[in-house]
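Below is one structure, written out as structure tokens; the observations come after it.
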Amino acid sequence: MKEDLVLPAPRGATTDSAAEPLLVVEGLTKHFPVKGGFPIRRTVGAVQAVDGIDLTVNVGESFGLVGESGCGKSTTGRLITRLMEPTAGSISYRGKDITHASRRELAPIRSEIQMIFQDPYSSLNPRQTVGKIISGPMEINGIEPEGGREKRVRELLEIVGLNPEHYNRFPHEFSGGQRQRIGVARALALEPKLIVADEPVSALDVSIQAQVVNLLQKVQQELGIAFLFIAHDLAVVRHFSQRVAVMYLGKVIEVGDRESIYVRPRHPYTHALLSAVPEVNLAEEGAPDRERIRLAGDVPSPISPPSGCRFRTRCWKAQDKCAAEEPPLVQISGNREGHLTACHFPEDPTIEGRDEDIVLDPALAALEEELGD
Ligand SMILES: Nc1ncnc2c1ncn2[C@@H]1O[C@H](COP(=O)(O)OP(=O)(O)OP(=O)(O)O)[C@@H](O)[C@H]1O
Ligand code: SF4
Ligand SMILES: [Mg+2]
């Protein structure tokens, strides 16, 4: 990647009040109807994909949203970018309620909230040149930058570390990492204030992932763009996000600044996710072993999630109360300001090794016991 790029002055914090959050999501809910029956198909249930989540993203901040497959991350991203209509809850952007805003009402802010998708192969039109792809959003929004669109596209190509001379090439002429850079350039074309990046590197080779994450970080820091960065594990967001929320089965179960989440996690599920992350923390010499929790087994169906705490069917600390009462997402005793945890019996704030490993999948535990004998 080129290091000596000339970037426009940071925006965002200079024009926005630092005190006012960019995005506030409250009670956000998306239930997909499940149809059944023959010959008349009726609604027989609902996939509770996202179930009452609260999030705040500040101006210029990188906010990570993490959880296993199917926990509702992409749905959350699509609701926030208004590609999907929420079932309940509210979304407010720069103080304006956009939950049910019409296309016309959304038009002025459409350009300010952009999305980067996981799959750089399917998210670019193979029949369009890179120039056409990146200038598309400008065309749609009738934006004519100073010096013309082509000049702006060339600038954008340079910002994302691609050769501006490749303006007339087609997506198939680029590698996976380069295509994702094209996706980033397209997202930057309208000078957004918020980018929702839905697993932007998980389809890429591991060796390329860091380069693209570095590019996004550079964009976030130098252009002052806020990010909602979606990932399925905590490793990727660790270097990128100032604050992190952990999702499980449609709910946020823990949220806090990076250090709180990585060094002093309190929710058992966050412990389990962290113990699956290679290299996190404590890798330095003389540091104690990190605990090991094998988070295997399936996440329960979001059509009929467990009562009370949704993590209880996989939690080693579950008690009767966990089935009876849903734990609220609150600042529990011992947590720092802004670190919220939804658990009746939180873990100690440490991720040091325990005397015994915790194995969450009963089948795996049984197998290990058998093999151990
Ligand atoms: N259009 C839809 N209709 C019905 N169910 C859906 C729809 N979109 C998503 N779901 C379901 O909602 C739940 C959440 O899906 P979502 O794609 O948001 O999860 P995710 O966290 O992004 O998962 P992944 O890591 O696999 O991308 C899943 O159970 C999924 O099957
Ligand atoms: S509330 Fe109970 S089941 Fe849920 S994470 Fe806490 S201890 Fe485990
Ligand atoms: Mg997803």
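The values are calculated or read from the model by the stated rules, or taken from the named source; none is laboratory data. Keep in mind the model is a prediction, meaning the values are calculated, not measured. Note that we place each Cβ from the backbone using ideal geometry, even for glycine, and neighbour counts take in every protein chain shown.
Hey, any hits in the range 175-185 for a residue that's part of a helix (DSSP H, G or I), modelled with pLDDT under 95 and either under 19 Å from residue 59 (Cβ atoms) or within 16 Å of ligand 2 (Cβ to nearest atom) (or both)?
no
Need pairs with beta-carbon distance below 7 Å; first residue more than 19 Å from residue 26 (Cβ to Cβ) and within the range 57-86, second more than 13 Å from ligand 3 (Cβ to nearest atom) and polar (S, T, N, Q); sequence gap 6+ or separate chains.
Every condition considered, the pairs that remain are 62/220; 62/241; 62/242; 64/241.
Just checking, does the range 251-274 include any residue being in contact with a Gly (Cβ under 8 Å, 6 or more places away or on another chain), within 16 Å of ligand 3 (Cβ to nearest atom) and assigned to a loop (DSSP other than H, G, I, E, B)?
No, the range 251-274 has no match at all.
In the range 223-234, is there at least one residue being out of contact with any His (no Cβ under 6 Å at 6 or more places or on another chain) and part of a helix (DSSP H, G or I)? Reasoning before the result, please.
Residues of the range 223-234 out of contact with any His (no Cβ under 6 Å at 6 or more places or on another chain): 223-234.
Filter once more, keeping what is part of a helix (DSSP H, G or I): 223, 234.
Yes, the conditions are met somewhere in the range 223-234.
Quick test for you: out of 213, 263, pick the one residue that is surrounded by fewer than 22 Cβ atoms within 10 Å (Cβ to Cβ), closer than 30 Å to residue 330 by Cβ and aliphatic (A, V, I, L, M).
Of 213, 263, the one residue that is surrounded by fewer than 22 Cβ atoms within 10 Å (Cβ to Cβ), closer than 30 Å to residue 330 by Cβ and aliphatic (A, V, I, L, M) is 263.
If you go through the range 191-219 one residue at a time, how many are outside any loop (DSSP other than H, G, I, E, B), within 16 Å of ligand 1 (Cβ to nearest atom) and over 16 Å from the mean Cα position of the chain (by Cα)?
Qualifying residue count, the range 191-219: 0.
Go through the range 51-82 and give me each residue that's of a type in the set (D, E, K, R), more than 16 Å from ligand 2 (Cβ to nearest atom) and in a loop (DSSP other than H, G, I, E, B).
Correct list: 61, 82.
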